[in-house]
Amino acid sequence: MTCLHLLLTLVFAVSLGTPVEIQRPRGVPLTKKPFYEENKPFTCLDGSRTIPFDRVNDDYCDCKDGSDEPGTAACPNGSFHCTNAGYRPMFIPSSRINDGICDCCDTTDEYNSGAKCENTCKELGLKERDVLQKMAEITKEGFLLKQQLIEEAKKGREEKQGKVTDMQENKKQLEEKVEALRTVKETAEQPEKEAKERHLKAWEEQKAAIRLEKDKAKMAEAFLELDDNADGFVSVSELQSHAELDPDADGTLTETEVQGLMGGAAQVDTSTFESVWTNIKDKYHSESQPEEPAPVETPPEEVKEPVVDNDSEPFPEDDISEEEDEDEDDEDDYHEDDDKVLPTVKTPEKSHEDGEAMLPYDPDTQTLIDAAQKARDDFEDSEKALREMDDQIRNIEKELSFDFGPDAEFTYLYSQCYELTTSEYIYRLCPFNRVSQKPKYGGSETNLGTWGSWSGPENNKYLVMKYEHGTGCWQGPNRSTTVKLTCGKETVVTSTSEPSRCEYLMEFTTPAVCQEPANMDLLPHGHEEL
């Protein structure tokens, strides 16, 4: 029987008639009356000694356990029983007997102190009964909701299991499709590759011919510039006027150095100038091209050192940003951009050497490129679909692996989050995932723990959730959160606190923990302890 049932039984144990007093020594509960027989000697309840009955409640402590003075303050370790008819019976220390303070609602503890006490047991009983009736109503409604959650969870689990089975079958077909499209892609890429290589080779040959023609034109222009007297020959003296051709870069182009450039000849004509041009073309400056002005060096700007305030000291932040955790989680996430392939460019890129664009692909080559690109697109689309299906299967199987309670009543909490806003923070509970805290007026989110396990008592472990390994505290442990679940019609976070440093406590109501209430109609209307 649950605590609620016991409380209900106690509340309903109120007699509607006049109680009949059963004589027994003051301060003795009805359950212990057999030990207090007036016509027999009294044996201390700890069995330490036996005394005449007239020494019970004689205001002198004879028993070590104080059991001979249940109605006086003689024994420091004694206890007084308040009958509290109409409310809950209770024990108080013997030291409170006749101390002038009303402890028992039936006033029996102040029988000889002169204190003016009023019997409030009936009023307290009515108030408690009202509270318990409301709790019983909540429990009843919550339990009905729980039954619905169990049915929905059962149905949802069967649907998910069936979905996984279907997806496994579809996955096999999709894997076969991917492999078939891979073969198509590889088959289409081979002629594409060969056609591109042929096109590139032809373009390289064409570029080489263009470069050769340009070089010949520059050589002819240089010959005309060097032939100062226009006699059809370039002489040593004419070539010596171009100091930039100095082989050893000592600032002087000697006659010997010029003859070396000219292959030992005193002069060359257009037919033999080609060998000379090979030696000088890299350094030769055409007279028709204006000389570029030497770059003016600007003095580097003075770099100002930042002013350091020695009086200020950096304070370590207590909360480590959750961006690192989120980055780790994002590594496993799938990004569509990773799979995007740039479309085929029909006009190839420009050459790095001369800036000229490669000629467009011929129609036959472009047809092969288009066919290969289509095969790549089809393959990548099917491969992407296979990855997405794997992700879906993995996510469903992960959900099915969770312990959602004896009847899966906590299933509805999965993938849901619940918030509580306080004066400073916004607390967020995502059952079976994590707990977090974020400043109300801006700032980074702090991880208060990720799902660990059910941590309730042995008789019902599903009353407490434990979230562990949250963000580390400054010079302290990692944050953790204990979530206590109570019965309620609504699913809501009701309170948060931090009983110990970096250890948080969260109260959470849910119909999933509501137990079946006792049938109130079958309960007895009660009785007083007589």
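The values are calculated or read from the model by the stated rules, or taken from the named source; none is laboratory data. Quick caveat, the model's predicted, so the values are computed rather than measured. With ideal geometry, Cβ positions are generated from the backbone for all residues, glycine too; neighbour counts draw on all protein chains shown. The protein model used for the area step is the full one, side chains on, heavy atoms only, and it has no ligands, DNA or RNA in it. Shrake-Rupley method; radii C 1.70, N 1.55, O 1.52, S 1.80 Å.
Condition first: in a helix (DSSP H, G or I), acidic (Asp, Glu) and open to solvent by 70 Å² or more (accessible area, probe 1.4 Å). Can you find one or more residues in the stretch 97-117 that meet it? Talk me through it step by step, then tell me what you get.
First pass over the stretch 97-117, keeping only residues in a helix (DSSP H, G or I): 108-110.
Keeping just the survivors that are acidic (Asp, Glu) gives 109-110.
Narrowing further to those that are open to solvent by 70 Å² or more (accessible area, probe 1.4 Å): none.
No, that holds for no residue.
Among residues belonging to the stretch 273-294 that are hydroxyl-bearing (Ser, Thr, Tyr) and open to solvent by less than 80 Å² (accessible area, probe 1.4 Å), point out the one that is modelled with the lowest pLDDT.
Kept after step one, since they are hydroxyl-bearing (Ser, Thr, Tyr), are these residues of the stretch 273-294: 275, 278, 284, 286, 288.
So of that shortlist, the ones also open to solvent by less than 80 Å² (accessible area, probe 1.4 Å) come out as 275, 284, 286, 288.
Working: SER275: 81, TYR284: 80, SER286: 76, SER288: 67.
Here the residue is SER288.
Starting from the stretch 448-461, take each residue that is exposed (fewer than 15 other Cβ atoms within 10 Å of the Cβ) and list its partners that are among the acidic types (Asp, Glu), counting only C-beta distances under 9 angstrom and pairs at least six apart or across chains.
Pairs that qualify, where the first residue is exposed (fewer than 15 other Cβ atoms within 10 Å of the Cβ) and the partner is among the acidic types (Asp, Glu), are GLY452/GLU468; SER453/ASP403; SER453/GLU468.
Just to be sure, is THR471 touching a strand residue (DSSP E or B) at 6+ places or on another chain (Cβ under 6 Å) and in contact (Cβ under 8 Å) with a residue 12 or more places away in the chain?
Details: touching a strand residue (DSSP E or B) at 6+ places or on another chain (Cβ under 6 Å): yes; in contact (Cβ under 8 Å) with a residue 12 or more places away in the chain: yes.
Spelling it out, THR471 is indeed touching a strand residue (DSSP E or B) at 6+ places or on another chain (Cβ under 6 Å) and in contact (Cβ under 8 Å) with a residue 12 or more places away in the chain.
Against the condition in contact with a Cys (Cβ under 9 Å, 6 or more places away or on another chain) and assigned to a helix (DSSP H, G or I), how does GLY142 come out, does it pass?
Details: in contact with a Cys (Cβ under 9 Å, 6 or more places away or on another chain): yes; assigned to a helix (DSSP H, G or I): yes.
Taking the combined requirement at face value, the residue satisfies it.
Residues checked against (1) open to solvent by 50 Å² or more (accessible area, probe 1.4 Å); (2) in contact with a Cys (Cβ under 9 Å, 6 or more places away or on another chain):
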{"position": "TYR467", "(1), (2)": "no, no"}
{"position": "TRP474", "(1), (2)": "yes, no"}
{"position": "ASN478", "(1), (2)": "yes, yes"}
{"position": "THR481", "(1), (2)": "no, no"}
{"position": "LYS484", "(1), (2)": "yes, no"}
{"position": "GLY488", "(1), (2)": "no, yes"}
{"position": "THR494", "(1), (2)": "yes, no"}
{"position": "GLU498", "(1), (2)": "yes, no"}
{"position": "GLU503", "(1), (2)": "yes, no"}
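Search the stretch 389-419 for residues being without any contact (Cβ under 8 Å) to a residue 60 or more places away in the chain and closer than 18 Å to GLU175 by Cβ, and hand back the single one that is least open to solvent (accessible area, probe 1.4 Å).
Checked the stretch 389-419; the qualifying residue least open to solvent (accessible area, probe 1.4 Å) is ASP391.
Tell me, please, whether a residue that is touching a Lys or Arg at 6+ places or on another chain (Cβ under 8 Å), closer than 30 Å to THR187 by Cβ and not in a strand (DSSP E or B) can be found in the stretch 448-455.
No, the conditions are met nowhere in the stretch 448-455.
Does the stretch 85-96 hold any residues that are surrounded by fewer than 22 Cβ atoms within 10 Å (Cβ to Cβ) and touching a strand residue (DSSP E or B) at 6+ places or on another chain (Cβ under 8 Å), and which are they?
PRO89, MET90, PHE91, ILE92, PRO93, ARG96
Just give me the residues in the stretch 247-264 being surrounded by fewer than 17 Cβ atoms within 10 Å (Cβ to Cβ) and either touching a Pro at 6+ places or on another chain (Cβ under 6 Å) or closer than 17 Å to ALA222 by Cβ (or both), in sequence order. Working first, answer last.
Taking the stretch 247-264 first, the residues surrounded by fewer than 17 Cβ atoms within 10 Å (Cβ to Cβ) are 247-252, 254-256, 259-260, 263-264.
The one that is surrounded by fewer than 17 Cβ atoms within 10 Å (Cβ to Cβ) and either touching a Pro at 6+ places or on another chain (Cβ under 6 Å) or closer than 17 Å to ALA222 by Cβ (or both): GLY263.
For the list (1) over 30 Å from ALA371 (Cα atoms); (2) in contact (Cβ under 8 Å) with a residue 24 or more places away in the chain; (3) touching a Ser or Thr at 6+ places or on another chain (Cβ under 8 Å), I need the number of the one condition that GLU244 fails.
Evaluating GLU244 over (1) over 30 Å from ALA371 (Cα atoms); (2) in contact (Cβ under 8 Å) with a residue 24 or more places away in the chain; (3) touching a Ser or Thr at 6+ places or on another chain (Cβ under 8 Å) leaves (3) as the failure.
Go through the stretch 220-234 and give me each residue that's closer than 17 Å to GLU274 by Cβ and among the small types (Gly, Ala, Ser). First the steps, then the outcome.
Step one: filter the stretch 220-234 for residues closer than 17 Å to GLU274 by Cβ, giving 220-227, 232-234.
Hits for the stretch 220-234 are ALA220, ALA222, GLY232.
For the stretch 203-256, what are the residues that are among the hydroxyl-bearing types (Ser, Thr, Tyr) and assigned to a loop (DSSP other than H, G, I, E, B)?
Of all residues in the stretch 203-256, those among the hydroxyl-bearing types (Ser, Thr, Tyr) come to 235, 237, 241, 252, 254, 256.
SER241, THR252, THR254, listed by residue number.
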